[in-house]
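Remarks on the structure that follows.
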Amino acid sequence: MIGLIAATAAGRQAAAQLAEALGDCRLYQEGPVGAAVRKAWAECEQLVCFLATGATVRLVAPLLADKHSDPGVVCVDEARRFAVALVGGHDGGANALADRVAEALEAQPVVTTATDAVGVPGLDTLGWHVEGDVAAVSRAVLDGLPVRLSADAVHPLPALPENVRTDVRTDVPGNPPTVVVSDRLRQPATDAPTVTLRPRSLVVGVGASRGASAEEILGLVRETLAEAGLSEHSLSRLATVDAKADEPGLLEAARVLGVALVTFSAEELAAVDVPNPSAAPLAAVGTPSVAEAAALLEGGELLVPKRKSAPEGRAAMCTVAVARSRPRGRLAVVGLGPGARDLLTPRAREELRRASIIVGLDQYVDQIRDLLRPGTRIEATGLGAEEERARSAVRLAEQGHAVALIGSGDAGVYAMASPALAEAGTDIDVVGVPGVTAALAAAALLGAPLGHDHVSISLSDLHTPWEVIERRVRAVAESDIVVTFYNPRSRGRDWQLPKALSLLAEHRDPNTPVGVAHSISRPDEWHTVTTLAELDVTTVDMTTVVVVGNTASRQVAGRMVTPRGYRWQV
Ligand code: SAH
């Protein structure tokens, strides 16, 4: 819940507008503003104060307790020009909130937290547990000092600046500040400031008898991890057999540990080769191993074989085994839109900053280079290397990296998503970010040509035989569907567009509207609405789309309009 505190008419108006845009807001605008801030502080996770920063500082100062638990506070000035992240930038989410508020009110976000301001990911914003001297190590990272990265595997981290590296010299006097990424408790001793990030790499398989208590399970899980020198903060899941999916003690233990409980069928577990099979679970649930088999299935590498709890004076009701899973790489397939920066979605922007490696065609990389974090690795290739590009993006993600594969428009439309996903397995996380494809960008320029059924056809016969393309164009012609031609015409491919238009002309009037949109949202953009008879195909090139209307499409005031065609509307 976001508390909105407003004291003036302008503030109240802005607060109402913000509440509408963000949802999940509560307005505090009655009575003295001090009391309103105190009430909101107690009731909300975040506050937006439509007050001067000075007034807000004085009001919240006595309430501040701990940056990890305090609400994030954003201030908006009376003229709503600025949204200032005042306190709780990271943990309180004020930096992100300042961005959202600024967007909703068309204001400028003001973020002064050093890591956000210079594009370095905050060590405490990766979603992993963090231990150690975050402030000192962050300062060293920002100051460009050599900082050692010591990771026990390749993890899908965002790009870190170039001064953070695995091969920092250690033979010079004094140890470098260090960022450790590990699930191990014991780290090499160093007198330099160190931050340890705990990736969610561990799985505990649990076998529990009916009625096993949460205390017994928790005790055994914690003791086992500690004795193996593993951090509880790296625990990602408890795993068990389906029959125990609703075992109260197990559910409670998972809740206390803050992890999910996943389950497998007895057949799945029985098929796993384990070091310590036993007769008891075979009789009870139909598999010779629960703890080890479940840990192995979910994790992969067994670190601690089966152990039993040892309650005093009665039989053990619980067994555990610990496994480690390989880090899952992340492949974001990101559409950049037709060209203009304001047609790039905020989500695409976020994914570009989430990645440590960008894979894409040179010209698309150039389009977004300034948005990347310092230290982002760029794997750009020239035209024609599509498959190689797709494959290399998937391979890098399989190695554990956070990769963004980029394409213009929508990355799934005549672009990289399909060759990449044809190669990708279940061992990586895939995130798709839709982009404004050329057909939609063109339609918005031309009017409303896609108001009824429509298709896109690529006229490029480089990878598709012309017979296939022609069959589809004929089908479109016969079924009276609006069509957008991508890849319509290039120097070496100049007869395909006239041919396609002639096929359409067999079924459509010469006056059928045709829209041409060139270099949409780029500096040399132009567009025109003409007709099937009058279209000059020589104006069409490879940065153009051609939209041909159906028999109901019309020109209205110079715009192309295709009626929705329902009986209630012409
Ligand atoms: N993935 C892209 C399409 C790639 S195919 C998308 O979703 O838009 C390349 C073709 O797209 C070009 O030949 C052209 O027909 C069209 N195209 C892409 N960007 C364009 C733009 N800014 N203006 C006009 N046409 C464009």
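Considering only C-alpha atoms, what is the centroid distance from the range 201-237 to the range 451-508, in Å? For the range 201-237 versus the range 451-508, the Cα centre distance is 61 Å. Of all DSSP-defined beta bridges confined to the range 1-149, some 20% are antiparallel rather than parallel. Using alpha carbon centroids, what distance separates the range 377-419 and the range 252-307, in Å? Computed from Cα coordinates, the inter-centre distance equals 37 Å. With R₀ set to 56 Å, the beta-carbon distance separating ASP370 from ARG12 gives a calculated FRET efficiency near 0.90. Seen against the Cα atoms of the chain and their longest principal axis, helix 466-478 is set at about 70 degrees. Residue by residue, the range 198-208 carries 3J(HN,Hα) couplings of 9, x, 7, 10, 10, 10, 10, x, 10, x, 9 Hz when phi is fed to the Karplus relation 6.51 cos²θ - 1.76 cosθ + 1.60 (θ = phi - 60°); x denotes Gly or Pro. Evaluating 6.51 cos²θ - 1.76 cosθ + 1.60 at θ = phi - 60° for every residue in the range 301-314, the Karplus couplings come out as 10, 6, 9, 10, x, 3, 10, 9, 6, 9, x, 6, x, 7 Hz, glycine and proline recorded as x. Note on ALA245 and TRP526: their simple-model spin labels are 6.3 nm apart, each label 7 Å out from Cα toward Cβ. Around the amide H of LEU4, modelled in the peptide plane, lie the amide H atoms of ARG26, LEU27, TYR28, VAL48, all under 5 Å away and 5 or more residues distant in sequence or on another chain. Amide H contacts under 5 Å for VAL241: PHE264, restricted to partners 5 or more places along the chain or on a different chain, H placed in the peptide plane at 1.01 Å from N. Between 0 and 90 degrees, rounded to the nearest ten: what's the tilt of helix 94-105 against the longest Cα principal axis of the chain? Here the helix axis deviates by roughly 30 degrees. Candidate cross-link partners of LYS306 among the lysines, defined by an alpha-carbon separation under 29 Å and a same-chain spacing of 8 or more, comprise LYS244.
Taking the Cβ-Cβ separation of ARG139 and ASP494 as r and a Förster radius of 60 Å, what is the calculated FRET efficiency to the nearest 0.05? Given R0 = 60 Å and the Cβ-Cβ separation, E is 0.50.
Of the trypsin sites (Lys or Arg not before Pro) in the range 217-280, not one is in a loop by DSSP (not H, G, I, E or B) with at most 10 other beta carbons within 10 Å.
DSSP beta bridges confined to the chain are antiparallel in about 40 percent of cases.
With contacts defined as alpha carbon pairs under 8 Å and 6 or more residues apart, what's the relative contact order of the chain in percent? About 9 percent, as a whole number.
Determine the distance separating the Cα centre of the range 316-345 from the Cα centre of the range 49-123; give it in Å without decimals. Comparing the Cα centres of the range 316-345 and the range 49-123, I get a distance of 28 Å.
Computed from backbone phi with θ = phi - 60° and the Karplus coefficients 6.51, -1.76 and 1.60, the 3J(HN,Hα) list for the range 279-290 is 6, 4, x, 4, 5, 6, 10, x, 9, x, 8, 10 Hz; x is used for glycine and proline.
Based on the Cβ-Cβ distance of GLU131 and ASP427, what FRET efficiency does E = 1/(1 + (r/R0)^6) give at R0 = 41 Å, to the nearest 0.05?
On the way: r = 29 Å, r/R0 = 0.70.
Using R0 = 41 Å, I get an efficiency of 0.90.
Close amide H pairs (under 5 Å, H built 1.01 Å from N) link SER458 with TYR486, residues at least 5 positions away or on another chain.
Using 0.36 nm times the number of residues separating ARG255 and GLU227, minus their current alpha carbon distance, what extension gain do you get? Spell out each step's value before the answer.
On the way: separation 28, 0.36 × 28 = 10.08 nm, distance 2.21 nm.
Fully extending the segment from ARG255 to GLU227 adds 7.9 nm.
What angle, in degrees between 0 and 90 and rounded to the nearest 10, separates the Cα long axis of helix 386-398 from the longest principal axis of the Cα atoms of the chain? Value to nearest ten degrees: 20. Once both labels are modelled 7 Å past Cα along the beta-carbon direction, what's the ALA284-GLU312 spacing in nm? Each label point is offset 7 Å from its Cα along the Cβ direction, giving 2.4 nm.
Values quoted throughout were computed directly from the atomic coordinates according to the rules given, and no laboratory measurement underlies them. Just so it is clear, the structure is predicted and the values come from calculations on it, not from any experiment. A quick note on method: Cβ atoms are made from the backbone with ideal geometry, for glycine too, and the neighbour counts reach across all protein chains shown.
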